[in-house]
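S.K.: Dumping the structure here so I can ask a few things about it.
The values are calculated or read from the model by the stated rules, or taken from the named source; none is laboratory data. On a predicted model such as this, the values are computed, not experimentally measured, just so you know. In this analysis, Cβ positions are derived from the backbone assuming ideal geometry, glycine residues included, and neighbour counts consider all displayed protein chains. Surface areas here come from the heavy atoms of the whole protein model, side chains and all, with no ligands, DNA or RNA. Shrake-Rupley method; radii C 1.70, N 1.55, O 1.52, S 1.80 Å.
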Amino acid sequence: MDMMKTFSKKNLAISADDIKSDLSTDFLSSEKLLKIKPAKVDSTDMNAYSNVMDRLRSTFSSGKTKDIKFRKKQLEAMLKMYEENRDEICSVLDADLRRPKQEAIVFEIDVMTNEILHLLAHMDEWSTPTKPTKGLANLFDEVLVYKEPYGVVLVIGAWNYPIQLSLVPMAAAIAAGNCVVLKPSEVSSHSEKFLIEKIPKYLDNDCYQVIAGGAEETTELLRNQFDYIFYTGSGRVGQIVYTAATKYMTPVTLELGGKSPCYVDDSVDIGRSVRRILWGKNSNAGQTCISPDYILCTKEVEKKLVEEFKAVIKEWYGDDVQKSPDYARIATDGHFKRLTTFLTNGTIAAGGKYDPVDRFIEPTLLIDLNPSDPALQEEIFGPIMPIVTVNDVHDAIDYINARDKPLSMYIFTNNTKDKSLMIASTSAGAICVNDTVQHFASNIPFGGVGPSGMGKYHGKNSFDTFTHEKGCLEKSINFFVEKLGDARYPPYSDWKESYLTSLMKFRNYWKVPYFSQIVMFCLGIAATVLYQKYGKSN
């Protein structure tokens, strides 16, 4: 089948060349399998995709996934999958990325477990209809916002955190009551195989499906009409996914990336700062979308950073980093080759060793770069850290604002004025002060802005992402309510216009506790008095 099949009039498609040049996806040969309860179906039979969609839509229409007890049961089964396969998860991550066990547990298993526990603890509350503030015109009406699932959603995972970045959004979609098609990354082939084998054993196959494959399969999959698409990866493929979604006006969340800056001044403890920066940079060998991409600092701070960098790397990994069991490897040969080209930029101030056979690249600092160097133009996504010298915080702000809005921004300072200035004067998906990456594990919104993505998740934001808020106004049709609003009917008059304007005018009712209840009580008394005075005589 032609790899360049299109899904839009713009002739945009996910091709092998597109993806192989992509930071986040490098389509390699993989088992092209489509899991259906749990038999294997050849994914080259593209009709199988429409069969899966029909099946999931039928299940969703039955209301099966809307039941809160059913959703909880599925999330509990997912937790059980983590618990019973903890060692195997660590093993497949080691096979794909040489991921140290501690990083596998902290970044993958613990993040997934805590996210599901949070969903389970609050699902009842989050799924309950809410009552927004009512205006005077709706005092006697029932105003509700119902929380309903979108329907059949597509989750496309990434290779750098192949388990967590697939299952965390999938869990949120399940919690919200959706049916889910999961497309894990085939680049991390051992993790992909794990998901293909395990998910059908733990989750309901009528509601949740896993589809494997590469560029051709993903392109064909995107031809189908989904009710929501959640994609984690790079901007290049994110644009393709977004274009595919527009055919059906499908809402999307795009978790992308970019060059996340890290500003460091001389007011902080440089030793502690370097440790936190290097932990965020070199975990998973820098293959993290929110790792600090480059450092902004003065020339004086740069000198201190270089010396501290060397000391910390030796403390953590010993004299030979390649022999350390605590340091991951680059995922693919193509990604490795791309990264090593950055080593020709500027001056290597520390590190710089690499081994193509082992796909090993030593933690490296680059200084004295030109603004046009690729290391300052492209997202690095590896253990190479350029340093850009600036004169002061204002210079740093100008540098950041002259570039695309990043997914994350890091500020290392004890200067409250400068910190507030940077937060107020720049835009990023999220900001972390005096640490790196840690914000990912909190319940604050996680997502990009502009080229770094759209939409957000984590905590309640995860549930809300996969939930449509359906407003509902229920009006009484009794005589009193009808008289209250009959000024809207023709023939029109100045008096009716003035009355309706007053009735609909926005008022800060929340400043008076129980304002609407008080008004209704008073109107009730007035109606009773009027009835007693005039009603009985009639």
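S.K.: In segment 207-320, which strands (runs of 3 or more DSSP E) lie fully inside it and hold 2 or more residues that are under 19 Å from the mean Cα position of the chain (by Cα)? Can you show your working first?
M.R.: Values: elements: 208-210, 228-232, 252-255, 261-264, 294-297.
The strands (runs of 3 or more DSSP E) meeting that bar are 228-232, 252-255.
S.K.: Identify all residues within segment 113-152 that are farther than 30 Å from E497 by Cα, in a helix (DSSP H, G or I) and among the aliphatic types (A, V, I, L, M); write none if there are none. First the steps, then the outcome.
M.R.: Keep residues of segment 113-152 that are farther than 30 Å from E497 by Cα, which gives 113-130, 146-152.
Narrowing further to those that are in a helix (DSSP H, G or I): 113-127.
Correct list: I116, L117, L119, L120, A121, M123.
S.K.: Continuing with this model, one more query. Which one of E84, E76 is surrounded by fewer than 14 Cβ atoms within 10 Å (Cβ to Cβ) and within 26 Å of the chain's Cα centre (by Cα)? Step through it out loud before you land on a result.
M.R.: On the way: E84 fails: within 26 Å of the chain's Cα centre (by Cα).
The unique qualifying residue is E76.
S.K.: Mind listing just one residue for me: the one in segment 333-348 that is polar (S, T, N, Q) and not in a helix (DSSP H, G or I) and, of those, most open to solvent (accessible area, probe 1.4 Å)? Before the answer, list the steps.
M.R.: The initial filter retains those residues of segment 333-348 that are polar (S, T, N, Q), namely 340-341, 344-345, 347.
Next cut, not in a helix (DSSP H, G or I) only: 344-345, 347.
Details: T344: 109, N345: 13, T347: 62 Å².
Ranking the candidates gives T344 first.
Residue-wise test of (1) in contact (Cβ under 8 Å) with a residue 40 or more places away in the chain; (2) in contact with a Ser or Thr (Cβ under 6 Å, 6 or more places away or on another chain).
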residue: S185; (1), (2): yes, no
residue: L222; (1), (2): yes, no
residue: S234; (1), (2): yes, yes
residue: V241; (1), (2): yes, no
residue: T246; (1), (2): yes, no
residue: T250; (1), (2): no, no
residue: V274; (1), (2): no, no
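S.K.: Collect the residues in segment 350-364 that are open to solvent by 80 Å² or more (accessible area, probe 1.4 Å) and in a loop (DSSP other than H, G, I, E, B), keeping them in residue-number order. Full working, then the answer.
M.R.: Taking segment 350-364 and keeping what is open to solvent by 80 Å² or more (accessible area, probe 1.4 Å), we get 353-354, 357.
Scanning segment 350-364 gives K353, V357.
S.K.: Do any residues in segment 308-337 that are basic (K, R) have Cβ atoms under 7 Å from those of residues that are in a loop (DSSP other than H, G, I, E, B) and open to solvent by 30 Å² or more (accessible area, probe 1.4 Å), where the two are at least six apart or on different chains, and which pairs are they?
M.R.: Hits for this filter: R329/R98; R329/D358; R329/R359.
S.K.: Okay, moving on. Among the listed residues V306, V274, V268, V241, identify the single one that is open to solvent by less than 10 Å² (accessible area, probe 1.4 Å) and over 30 Å from Y150 (Cβ atoms).
M.R.: V274
S.K.: Looking only at segment 163-183, count every residue that is touching a Pro at 6+ places or on another chain (Cβ under 6 Å) and part of a loop (DSSP other than H, G, I, E, B) and tell me the total. Steps first, answer last, please.
M.R.: Quick first cut of segment 163-183, residues touching a Pro at 6+ places or on another chain (Cβ under 6 Å) only: 166, 176-178.
From what's left, part of a loop (DSSP other than H, G, I, E, B): 176-178.
Adding up the residues that qualify gives 3.
S.K.: How many residues are open to solvent by less than 50 Å² (accessible area, probe 1.4 Å) and not β-branched (V, I, T) when one looks only at segment 365-385? Step through it out loud before you land on a result.
M.R.: Looking only at segment 365-385, we keep the residues that are open to solvent by less than 50 Å² (accessible area, probe 1.4 Å), and these are 365-367, 369, 373, 375-376, 379-385.
Applying the additional criterion that residues be not β-branched (V, I, T) yields 365-366, 369, 373, 375-376, 379, 381-383, 385.
Count: 11.
S.K.: Inspect all residues belonging to segment 118-141 and state whether any of them is among the acidic types (D, E) and at pLDDT below 95.
M.R.: Taking segment 118-141 first, the residues among the acidic types (D, E) are 124-125, 141.
Next cut, at pLDDT below 95 only: 141.
Scanning segment 118-141 turns up at least one residue that is among the acidic types (D, E) and at pLDDT below 95.
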